[in-house]
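Read-outs: derived from the displayed coordinates by stated rules, not from any lab. All values derive from a computational prediction rather than experimental measurement.
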Amino acid sequence: MRPPSVAAPAGSGAPTAPDGLTILYRGPLASCDYDCPYCPFAKRRDSVERLRADRAALERFTGWAAGRTGERLSVLFTPWGEGLVRSWYRRALVELSRLPHIGRVAIQTNLSGRTAWLADADRDKAALWCTYHPGQTPYGRFLGRCRELSELGVRFSVGVVGLEEHLEEARRLRAALPSEVYLWVNAAEGRSYTDEEAGRWTDLDPLFPYSRYPHASAGLPCRTGESVISVDGDGTVRRCHFVRTELGNLYDGSYRRSLGPRGCPLQVCDCHIGYVHLETLPLYDVFAGGVLERIPASPAPAFPAPAAPAAAPPVPLLPASALPAPAPAGTAAPGGPARAAAARRTLPLLPP
Ligand code: SF4
Ligand code: SF4
């Protein structure tokens, strides 16, 4: 397997890897304008009060990030629901992208909303991780949104969940997208693939073998907890979205003394936003310059794909007392198994 040869889109003045501190932010927002039956979250209808709390939390976070002028920061918003239908997420992307100490600011999105607002962002830094959900949006509309992003020179990747019923739509999308746009495929949660099935998806996404199997991660060095952290709406810092042990709080600075190299306390890591940071995988090189928004380097270096979860020897780590206790894995990024019934939700509104 060779990673795809994908040219970075216009406006890619990217560093090869996120430097400084990378933050995965997930606030209280949990509603979405789509209703994918396979969605492991976003099944809640946020009240107006919760939306206000989400906005306040996000504004607190962006205020903190804006003030950290002595530190290089990169941010990926990974909301439980859809953020870009909310003005405060759009505003956060635009404002953070314009700050000199922000290396990259990206968000996971279903791309249901308009895109023109991105013209106000620094498009060297703002980026989108877009998921196409067949059954939730007409193919033509989704493709049209991708075209808008290309015309604006916005960095973006596009992906689908690797379900058989998505295959033809994914092929159609791949054929229609500009060759420089990377189309990723996520293995459906709980689904195993025969070699023949995996081959069909790998034809579309040469990096699919990285998603096909969960990655054995127990005790292996992972950049999370050192140069990558997860932050929630209260500012609680964890190493990643999947390990619940708290490292401190962002706003009182208590997280800083907890940062350091540490092994993964879980048996496996099966979500791209997690295992991309595993030091035993070559994904910082594969995605050099586009780790957060999942855009491979151009030209992409060639690496052998993992055929199955492989264990590697543990490395020297923080003392056991400093290691997070094992905790159940959390959830995956938007995109799990199954087929969607078309339905667009009406969402409560807040003033911009
Ligand atoms: S999978 Fe994504 S787009 Fe679909 S309902 Fe969940 S959050 Fe919304
Ligand atoms: S669960 Fe994944 S992201 Fe979290 S520490 Fe383990 S390998 Fe790293």
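Were the residues from residue 267 through residue 191 laid out at 0.36 nm apart, the gain over their Cα-Cα distance would be 25.5 nm. Put simply, the amide H of residue 287, placed in the peptide plane, has neighbours under 5 Å in 297, leaving out anything fewer than 5 places away on its chain. The string of couplings for the range 219-229 from the Karplus curve (6.51, -1.76, 1.60, θ = phi - 60°) is x, 7, x, 9, 5, 5, x, 10, 10, 9, 9 Hz, one whole number per residue in order, with x for Gly and Pro.
3J(HN,Hα) along the range 62-78: 5, x, 4, 5, 5, x, 8, 5, x, 9, 7, 10, 10, 10, 10, 7, 10 Hz, from the Karplus curve 6.51 cos²θ - 1.76 cosθ + 1.60 with θ = phi - 60°, whole Hz, x for Gly and Pro.
When DSSP beta bridges are restricted to pairs lying wholly in the range 21-322, around 25% turn out antiparallel.
Amide hydrogen proximity for residue 77: with H placed 1.01 Å from N in the peptide plane, the residues at 5 or more positions away or on another chain lying under 5 Å are 25, 106, 107, 108.
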